[in-house]
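The values are calculated or read from the model by the stated rules, or taken from the named source; none is laboratory data. Fair warning: this is a prediction, and the values are worked out from it, not measured in the lab. Here the Cβ positions follow ideal geometry from the backbone for every residue, glycine too, while neighbour counts run over all protein chains shown. Areas reflect the complete protein model, heavy atoms only, side chains present, ligands, DNA and RNA absent. Shrake-Rupley method; radii C 1.70, N 1.55, O 1.52, S 1.80 Å.
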Amino acid sequence: MSSNSNNQVYPVLWRDQSPATTLQGHVLLIDQTRLPNEYTVVEINRYEDMARAIETMIVRGAPAIGVAAAYGVYLGARDIQTSDRSEFLAQLEPVAERLRATRPTAVNLFWAIDRMVKTARQTLGSVDHLKQTLLDTAKAINADDIQTCHQIGDHGLKALPTNPKKLRILTHCNAGALATAGYGTALGVVRSAWRDGRLERVYADETRPRLQGAKLTAWECVQEGIPVTVITDNMAAHCMQRGMIDAVVVGADRIAANGDAANKIGTYSVALVAKAHNIPFFVAAPLSTIDFAITDGSEIPIEERNPSEIHTVGETILCPAGAEFYNPAFDVTPAALISAIITEYGAIAPAQLREQLADKQAG
C-alpha cells in the first residue's frame, strides 16, 4: 500500500473493521510475488493464512516478516475460544510454533513472536484484555519498525563516503520498504541519501534466483523517481573494476554476535569483490536482527528452498532432466569484510556490536 503524497510503500498494514468493532479487523499485505507487473493486496484474517504468506514470500524481508508474524500471533489469539487465561495461553503456543516454522533464517521472525508470547504471559486480566493487548503490541512493533528504518537511513547517510558528493551505491536483494514496515534498511540509507542530494544512482543486483533486486528494489526506486540501474549478479565485479561503484549497502536477515551477517545468497560474493576494490561495504539492519545468542555466522541456520526456483522461470524449464540442484537462500558475510553495521543506534564496527548494543537489546 502506498500513500498518495510521497509514494511511500507499506507492505504490511492493519485495518480495523468499519465501523470499528473491538478486536476485529484484518491485515493487508502487498503480494510481492506479483510485483512488478501486478500490484495486488492480499487480505489476511487467519494466522494459518499469514504463515502461508510468509512461507510463499508474499511477504518477505526480515523486518517485514517480524511485523507480519506479530499480527499472525494476534490473529491466532483472536480465534481462541475460551475465557480461561491458562487455557488461552496453552492454545496460543501452537499458533506461535506454526509461525516460527515458516522461515528459519530471519531472526526478526522469532524476536517478534517471542515478544508477543511474552506480552501475553505477562499481561493480567481477562482473555479479551489479553487479546486487545496483543493487537496493540503488534501495532507497536509495526510503528516502531518504520521509525527504526528512518533512524537507520539517517545514520547510514552519515557513514557513507563523503567523496564523491553524489554517490553510486550498489545493493543486493531488496532491503527496502517492501522488506520492512516501510522506508527500508539498506534502501532506507539510499532514500536518505537521495533526500539530501547525496545519491547519483542505485545499482541493483538482480538477485537470483528469485530476482528481488530486479523486481522489488527497482520497482521501489521507480515509484519514487530514484535513478536505478539493474545489473545481473555477475556484473558487480566488472562495475567495481570500472570505477562505477562508490559504496555497497545491503540488508541482513540475521547477524551473529561477532558481526558475521547472513543476507540473501550472493551477498558474500559482493563483499569479497568490494574488499578487493577497496569499496566500503555496509550492512543495514535493526537491533532486532542481531542474535547475541550465537557466537558467529557458522551457527546461523541457512534455509534451503525448492529447486524449482532455479530450474524454472514461469512455465519455462531451464535445465535438462537429470540435473541436480542446490538452492540455499542465504549466505554469511564474515565480519572482516563489513565496514560497519548500520543500526538505529548508529553505524557500528562489527567487533563493537556486543559492547555497544547488547545491553540495549536486553533492555
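Screening the candidates 241, 212, 223 for the property of being touching a residue at least 12 places away in the same chain (Cβ under 8 Å), open to solvent by 50 Å² or more (accessible area, probe 1.4 Å), within 20 Å of residue 187 (Cβ to Cβ) and not β-branched (Val, Ile, Thr) yields one hit, 223.
Applying the condition of being surrounded by fewer than 24 Cβ atoms within 10 Å (Cβ to Cβ) and among the polar types (S, T, N, Q) to region 258-272 and asking which residue is farthest from residue 212 (Cα to Cα) yields 258. Mind checking which residues of region 142-172 are among the β-branched types (Val, Ile, Thr) and either over 19 Å from residue 60 (Cα atoms) or surrounded by 21 or more Cβ atoms within 10 Å (Cβ to Cβ) (or both)? Correct list: 148, 152, 162, 169, 171.
Scanning region 188-196 for residues that are assigned to a helix (DSSP H, G or I), in contact with a Pro (Cβ under 8 Å, 6 or more places away or on another chain), farther than 19 Å from residue 63 by Cβ and not aromatic (Phe, Trp, Tyr) turns up nothing. When 138, 51, 106 are checked against the criterion of being small (Gly, Ala, Ser), crowded, with 17+ Cβ neighbours inside 10 Å and at pLDDT below 95, a single residue qualifies: 106. Within region 337-363, being assigned to a helix (DSSP H, G or I), open to solvent by 80 Å² or more (accessible area, probe 1.4 Å) and either of a type in the set (D, E, K, R) or within 22 Å of residue 280 (Cα to Cα) (or both) holds for 351, 354, 355, 356, 359, 360.
Considering only region 14-48, state which residues are among the aliphatic types (A, V, I, L, M) and either in contact with a helix residue (DSSP H, G or I) (Cβ under 7 Å, 6 or more places away or on another chain) or modelled with pLDDT of 95 or more (or both). Passing the criteria: 23, 27, 28, 29, 30, 35, 41, 42, 44.
Mind checking whether some residue in region 173-185 is at pLDDT 95 or above and surrounded by fewer than 22 Cβ atoms within 10 Å (Cβ to Cβ)? Scanning region 173-185, I find no residue that is at pLDDT 95 or above and surrounded by fewer than 22 Cβ atoms within 10 Å (Cβ to Cβ), so the answer is no. Residue pairs whose Cβ atoms lie under 9 Å apart, separated by 6 or more positions or on different chains, with the first residue in region 269-295 and under 19 Å from residue 63 (Cα atoms) and in contact (Cβ under 8 Å) with a residue 40 or more places away in the chain and the second part of a loop (DSSP other than H, G, I, E, B) and open to solvent by 70 Å² or more (accessible area, probe 1.4 Å), are 287/345.
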